[in-house]
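Enquirer: Got a structure for you, written out below as structure tokens; questions coming shortly.
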Amino acid sequence: MKIVVQKFGGTSLKNDKIRDKCSEHVIGAVRDGYKVVVVVSAMGRSGDPYATDTLLDLVGGVTTSVSKREQDLLLSCGETISSVVFSSLLQQKGLSSLAMTGAQAGFRTTEEYTNAKITDIKTDRLLAAIETNDVIVVTGFQGETVTGTTATLGRGGSDTSATALGAALKAEVVDIFTDVAGVMTADPRIVKTAKPIDVVTYNEICNMAYQGAKVIHPRAVEVAMQAKVPIRIRSASEEGVGTLITTSTSSSPGKDIEERPITGIAHVKEVSQIKVAASEGEYDLQAKVFKAMATANISVDFINIHPFGVAYTVPEHLTDRAVNVLNSLNLQPEVQKNCAKVSAVGAGMTGVPGIASKIVGALTDRHIQILQSADSHTTIWVLVHEKDMVEAVNALHDMFLQDLDER
């Protein structure tokens, strides 16, 4: 039995017209001889009747006093509605289809409500159902704890549901349908010359996702990577294969990685840089700072540690809290708000000389100040003023990807 998993996000299900287009993708897969497991998000975005944020607004939004356990019970309704509506549409189109909740499909999770982790997927019930049906429509974003309560997987949870099912069912491929035609070399809203990427590695897309590209959640990619299940990012409203995410970008391993040191440029805005200087002989400053941030539940990023102090970034909305924590330790942080992180990502940069030089040159040629930098074997990050972010992304795209041949 050949199985494909198809995931449709909220914008792909928001109205009758787009749902009808999505159903054609399912029908096409069935026609090609596949059993199809569909994973659905809640319909639409904030303001639409059954969207996740709209449901949360019913109990006070992000500042709600409702317990996380009860939030999950409420938020799971959006996907449940989607599953029944979409399954009904498929039935009208002549397919045998059955809707299932995440719990019915076998998802078992931790009790970390609103951000649960999948502990197991018991696929017996789903596999039995798909023997006698063309399609099973599963609610994404949710599962059931060992005590039988509903728990949701956090933002991007439907992506993770889809790739986890793909792994558990040994699917041929997991198709993530979105409102874009695939992964681009940069955000096309700010880089007009951004190009589609035909093939990208798991590691590259993980890094791009963590650095701001919002096409797929990085947790979902990590699940697929462990099971070596290919993922395709495809347009819900158009035909085409989109971007394939797999182990290698070439049938000749290493060849086109060598020719493609940089795969894409990503960005994250609304971050603040915090610097804390160490006094002479103060060797425990770094440990003191990061222990305080962890105790205050403040996530830090872009960390540079040196004998004279430490520099790091926090999300802009957590800046005041971070400063207050540091002040309580009698530290005097230097804060730079309105920053953005710009990243050049590529599996082929490892061992290639001159990449950092080109990045620095491209930015300084456009008089863009670099506030901080860091690198790994697949990513080079620079911190810039947010007012320079668009120019910086375009500068790096022009340097590495402007003349790239179609992949």
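The values are calculated or read from the model by the stated rules, or taken from the named source; none is laboratory data. Model, not experiment: these values are computed from the prediction. Reconstructed Cβ throughout: ideal geometry from the backbone, glycine too, with neighbour counts over all protein chains shown. Please note that ligands, DNA and RNA were not included when accessible areas were found on the heavy atoms of the full protein model with its side chains. Shrake-Rupley method; radii C 1.70, N 1.55, O 1.52, S 1.80 Å.
Enquirer: Among the residues of region 334-377, which ones are over 28 Å from the mean Cα position of the chain (by Cα), modelled with pLDDT under 95 and either within 28 Å of residue 278 (Cα to Cα) or open to solvent by less than 10 Å² (accessible area, probe 1.4 Å) (or both)?
Expert: Scanning region 334-377 gives no hits.
Enquirer: Another one. Can you name the residue in region 256-288 that is farther than 30 Å from residue 213 by Cβ and assigned to a loop (DSSP other than H, G, I, E, B) and, of all such residues, is modelled with the lowest pLDDT?
Expert: 281
Enquirer: A follow-up question, please. Looking at region 71-93, which of its residues are free of Cβ contacts under 8 Å to residues at least 60 places away in the same chain, under 17 Å from residue 134 (Cβ atoms) and open to solvent by 30 Å² or more (accessible area, probe 1.4 Å)?
Expert: Scanning region 71-93 gives 84, 88, 91, 92.
Enquirer: Next up: If a residue has to be in contact with a strand residue (DSSP E or B) (Cβ under 8 Å, 6 or more places away or on another chain) and either over 22 Å from residue 206 (Cα atoms) or of a type in the set (Val, Ile, Thr) (or both) to count, how many in region 373-399 make the cut?
Expert: Count: 10.
Enquirer: Also: Working carefully through the options 318, 326, find the one that is of a type outside the set (Val, Ile, Thr) and open to solvent by less than 10 Å² (accessible area, probe 1.4 Å).
Expert: 326
Enquirer: How many of the residues making up region 1-50 are open to solvent by 20 Å² or more (accessible area, probe 1.4 Å), of a type in the set (Val, Ile, Thr) and within 19 Å of residue 130 (Cβ to Cβ)?
Expert: Adding up the residues that qualify gives 2.
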